[in-house]
Amino acid sequence: MHAEAHGSNSRKTLLYGAAAVSALVLMLVWMEGGFVGKAVPGLQAEEQKSGAIGETVTLSLQTIADTTVWPATVAARIVARISPKVAGRVVEITRKVGDGVQRGEVVARLEAKELGARLGQARAQLAGAEAEAIRARTELIRSESLYAKEAATRQTLETAQAAARAANAQVKAAQDAIAEAGSVFGETELKSPVDGTVVSRELDRGDTAMPGMPVLTVQESGRLRIEGAVAERCAGALRGGASLTAKGGTPEQAYTVELDEIAPAADPATRTVWFKARLPDAAAWQPGAYASVALPCGRREVLLIPEAAVTRIGQIESVRVVEQGRAVLRHIRTGRTQDGQLEVLSGLEPGDTVQMASP
């Protein structure tokens, strides 16, 4: 008896489970329109007629701006490629890629022995010139005193004056040599001209740096812009000082950017026009990130339908078209959104009257 009861319970459990699965499958099929006669976009499903019409809208072609989305890149407004003014061997690089730097901070040093020796020689020459100038001034004072007492000739006085002027000139020349040598010696310390972040390191310790050859590249922090290119035919929408909407980031964010640089001519190889636009200081994007901008590029005729009139079940879009006083279900395909309206790609024609969906 126990075995029979157990078998009966198992069969009941299986029957209940099969019934539940069947009910779930039927519900899913119903939600996907499985019990409605299949209709490709534009064909009617007669079984779905309804006598309740309510609010309707008649569709017509409308001329809108043909907006195209163009890719852009986030970049720092200032990119400093730090290079020396004198040739020398790199003996130290104080920052690596990703490090933050402050304006005026030393980021690299070059070998300074030879330049230091040149500075020392210039200082020694200055000391000798100053000593000679002191001697010449003393001799001039003595000559002036003797000349006043008529104990020295005019020629002797003029000779002493010329010697004093020459000694002073030597002092000035030695001071200029020190200033020049000191300036060159100071060039062995490479400093960042901006507050920013090191984004690349072109040389390493032991390499020989040449004038104009970058050692490090620093991007300014905070002040960002986007850069990109648009087709020549669409460049007419670019105006200096105009505002555009840039989108990017994860999750996507949108910022208003201001155009500040537009290439005066198109690139003959790509037939595109380069532009740059300033991002607001509050932008949270990073240099190198992807962004996009939408620009109007001509005009075109489209069929628009209020978004509220479209019903979606999964990926299936449908509307109710009023025909002979009745609302008939019709499947459609839509595209871009235009201010609360959808662009109709197929399934509807100008002059069709569509029932608005019930709230």
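What follows draws every value from the coordinates through simple rules; no lab data is involved. Not measured: the values here are computed from a predicted model.
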Using θ = phi - 60° and the Karplus curve 6.51 cos²θ - 1.76 cosθ + 1.60, what whole-Hz ³J(HN,Hα) does each residue of the range 58-63 get, with Gly and Pro shown as x?
9, 7, 8, 5, 10, 8
Compute the relative contact order of the range 80-217 as a whole-number percentage, counting only Cα pairs closer than 8 Å that sit 6 or more residues apart in sequence.
52 percent
Karplus-derived HN-Hα couplings along the range 128-138 (A = 6.51, B = -1.76, C = 1.60, θ = phi - 60°), whole Hz, x at Gly and Pro:
x, 5, 5, 4, 5, 5, 5, 5, 5, 5, 4
Quick one: if you take sqrt(5λ) for each eigenvalue of the C-alpha gyration tensor of the range 80-217, what semi-axes come out, biggest first, whole angstrom?
52, 13, 10
Surpassing 19 Å at the alpha-carbon level, of the pairs Lys96/Lys191; Lys191/Lys276; Lys85/Lys191, are Lys191/Lys276
Using modelled amide H (1.01 Å from N, peptide plane; none on Pro or chain starts), what sits under 5 Å from the amide H of Ala289, excluding residues fewer than 5 places away?
Val74
